[in-house]
1. Between ALA153 and ALA65, how many nm apart are label points set 7 Å from Cα along the C-beta direction?
2. Given H placed on each backbone N at 1.01 Å, which residues far from ALA65 in sequence or on other chains put an amide H within less than 5 Å of it?
3. Longest segment of the chain with no GluC sites (Glu not before Pro) in a DSSP loop having at most 16 other Cβ atoms within 10 Å?
4. Local charge sum around VAL51 (other residues, Cβ-Cβ under 13 Å, Lys/Arg +1, Asp/Glu -1)?
5. Using a Gaussian network model on the chain with a 10 Å cutoff between Cα atoms, which of LYS139, LYS168, LYS114 fluctuates the most?
6. Pop out the carbon and sulfur fraction of the accessible area of the chain as a percent, whole number, probe 1.4 Å.
7. Compute a Gaussian network model of the chain, connecting alpha carbons closer than 10 Å, and tell me which residue from LEU125, LEU192, LEU69 fluctuates the most.
8. Using the alpha carbons of the stretch 79-128, what is the convex hull volume per residue in cubic angstrom, as a whole number?
Amino acid sequence: MKRFCFWGVLSALFLLASCGDSAEERYDVLGIYPMLSGYHVIYADQVLDSVSVVSSKSWTTNLSAQWMLMEDRYSTVTVPQDAIVQRTVLLNFTANTTGEVRYGEMTVDNKERKVERRFVQYPWLNIEVPAIAFTNWEKLENPTFALRAVKEATSARLLFTIYADEAKLSCDADWVEADETNFTAGAQTVNLTFESNETGSERVAEFKLTTDNNVTTVIKFTQEG
């Protein structure tokens, strides 16, 4: 029976067991975790993430895009005979200031089979509220973040996650105030306060959320008149 470096890896993507003449079991494992059916999403200000590679044979790792980087120690990983090794691979990314969605792949090859992880890096920040909208959802064209309030409303909120070290929120209007404008990495909730709109026409404020690695996403806030 093989000895295992990590017992929990037997749920790998590719797991084959066969019995030879000596009745010994042979396990061939290769997988990238966590398992995903689609793309591994990276946001514009995100410069670090990781995946786990599990293999019963030595493997090499390659990245297809220049905006994806890793240390040389992850390029080739040696697995002892009759062992299954799990290795966390740290991935670095350049901030996406191109204004375009970009794609890349990570390929792991142990000379018997290959597995791939597809990555997409968006050119916008991870804003949950308001939700993103596109003129063409299939092609992710013209992304916008638009928040609306009825004329009687006096409060609203923004929800977003920052991956950069720091970020700032600015606004071009004086009729709405944010309770926080400076942020560090992590999930954030910003409360907006304003008076009910008695002007007779709608009013618009533009918020800009900018990280210290030069990524800016615009949020348009409209209050009905």
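1. 3.3
2. Hits under the 5 Å cutoff: GLU105.
3. On the way: sites that count: GLU24, GLU71, GLU100, GLU112, GLU138, GLU152, GLU180, GLU195, GLU198, GLU202, GLU224.
That would be 25-70.
4. Values: positive: ARG87, ARG117, ARG118; negative: ASP49, GLU105, GLU116.
So the environment of VAL51 carries a net charge of 0.
5. Between LYS139, LYS168, LYS114, it is LYS139 that shows the largest mean-square fluctuation.
6. That fraction is 46 percent.
7. Comparing LEU125, LEU192, LEU69 in a Gaussian network model of the chain, the most mobile one is LEU192.
8. Numbers: hull volume 6.1 nm³, N = 50.
Dividing the Cα hull volume of the stretch 79-128 by its residue count gives 121 Å³.
The values are calculated or read from the model by the stated rules, or taken from the named source; none is laboratory data. None of these values were measured; they are calculated from a predicted model. No Cβ is skipped: glycine too gets one built from the backbone with ideal geometry, and neighbour counts run over all protein chains shown. Quick note on the areas: whole protein, heavy atoms, side chains included, nothing else; ligands and nucleic acids left out. Shrake-Rupley method; radii C 1.70, N 1.55, O 1.52, S 1.80 Å.
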